[in-house]
Structure formats: C-alpha cells, structure tokens
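Q: Quick one: the structure is below, and I'll ask about it shortly.
None of the figures in this text is laboratory data; all of them are computed from the coordinates on show. For clarity, every value in this text was computed on a predicted model and none was experimentally measured. A quick note on method: Cβ atoms are made from the backbone with ideal geometry, for glycine too, and the neighbour counts reach across all protein chains shown.
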C-alpha cells in the first residue's frame, strides 16, 4: 500500500516536471526570437547609418570637385600678368581700391606753396621713407642758399615747425604723403603721382641775395646825394634836402618790401 502511494507521488512529480519543461521551451524560443529580431533591427540601423554616411561623403566630394572646377574657371577668366603687364591693375582692382583722384583745385592748392613744392621734389628724388629732420634740413638749406652743414639751428627749426604743424598734415590729409607724426617719418602716398604731373622741375629761380639789393640802393643814394650837392650852389632850391628825403624814402620802401618778403616766408612756413 505504501509503495503504491510512493509510486503515485513519483508519477505526479514527473508529470509536473514534464509540464514545467514543456512550458519553458516556448518561452525560451520566444526569447531567442526576440533577441534575433533585436539583432536584426540593430544591423538594419547600422546599415542605414553607413549608407547615409556614404551618401554624405559622396555629396561632399562632389561639392569639393565642383568648387575646384569653379575656381579654375574663375582663374581662367581673370587676366594674367602677361595680359595686363607687370605692376598694372585690372578695373576691379582699381574699383576696389576706393582711391578717388584729386581735383585740380586741390592739386594746384598744394603746389602754389613753394615750400611744399620743395618737399615733394625732395621726396621724389629720395624715393623712400625719410625723416622729418632730414627733410627740414634740406629745405632750410635750399631756402637760405646754403649747404646743409652751414644752416643754423634757428633756420632749421623754422622750417621744421612749419612742416610739422601745417604742410605735412595738409598733404597727409589728401593722401599725397604719408606723415607719421609720432615717428617723424615721411613717405609718398597714393596721390603723389597725380601731383607730380603738374610739378614743374624748373620753376626754381635763383633768388638774388638781399644784401645785393641793399648795396645797389646805397650806391644809387650816394650818386643822388653827390649830384644834389653839385647842383645846390647853382640854385636856391633845397636840392640836397630833397635828395636826402628821397634817399630816406627809398630805404623806407626797401625796408617795407623786406618786411613783406619775411611775412611771405612765414606764410610758406604756415601754409596759409
């Protein structure tokens, strides 16, 4: 009786195990199918990304090749140096430079001043950057008809101040010269060539020294005075007094002319 009961329990346990195993097999199969599906989805997504990256690379390469072709065509359309000549510029370069030509009023306004003409000639001859001190020395030597070594500090200073305060800033504002005030350097600028077209190289007339005029006037005064003294005994008119008055008036007029010349020189120095 007891054996039958045990056999029955054993059979029940075996049946339960078989049932559990049978139920587990579909679940395992379902899990494997889900895993395969996930793997397949991952592979598909990876494939799509790879394909998208490949298309992007192809587009980038096509755009790069198109850009190279466009640049080559642009270069072929531009005039070469052989077409334009060394140092020449195209119309686009000139239009892009933004430099407008000076009016003739500005050109002649600059050239009407003798000191500015001398500065421009000096810069043209040196063909490079020069210092303000060197320029002032050269101009002072020309204005005083001396060698550079012979000019005084006052003569040099008078020219230096005029250039620094007026002439160079005026020409710098018109882009005729480039004046660096802090460094005291001068160079030609964009509009210099336009001014050089009207700059007469031979307008420098040698000025007669002032003492020559004084000597001539003194000699004439002496002649007049001697003649008046020779005539005075033969007439009752105050010839000598008249001659002396004439001589004094002549020297007064000469002094006034000298003062006017000095003011004109100062005008050259200030640019008025």
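Q: Above 24 angstrom, tally the Cα pairs of region 102-196 and express them as a % of all pairs, no decimals.
A: Values: 696 of 4465 pairs.
Tail of the P(r) past 24 Å holds 16 percent of the pairs.
Q: Sticking with this one: Fewest Cβ neighbours within 10 Å first, please rank 160, 254 accordingly.
A: 254, 160
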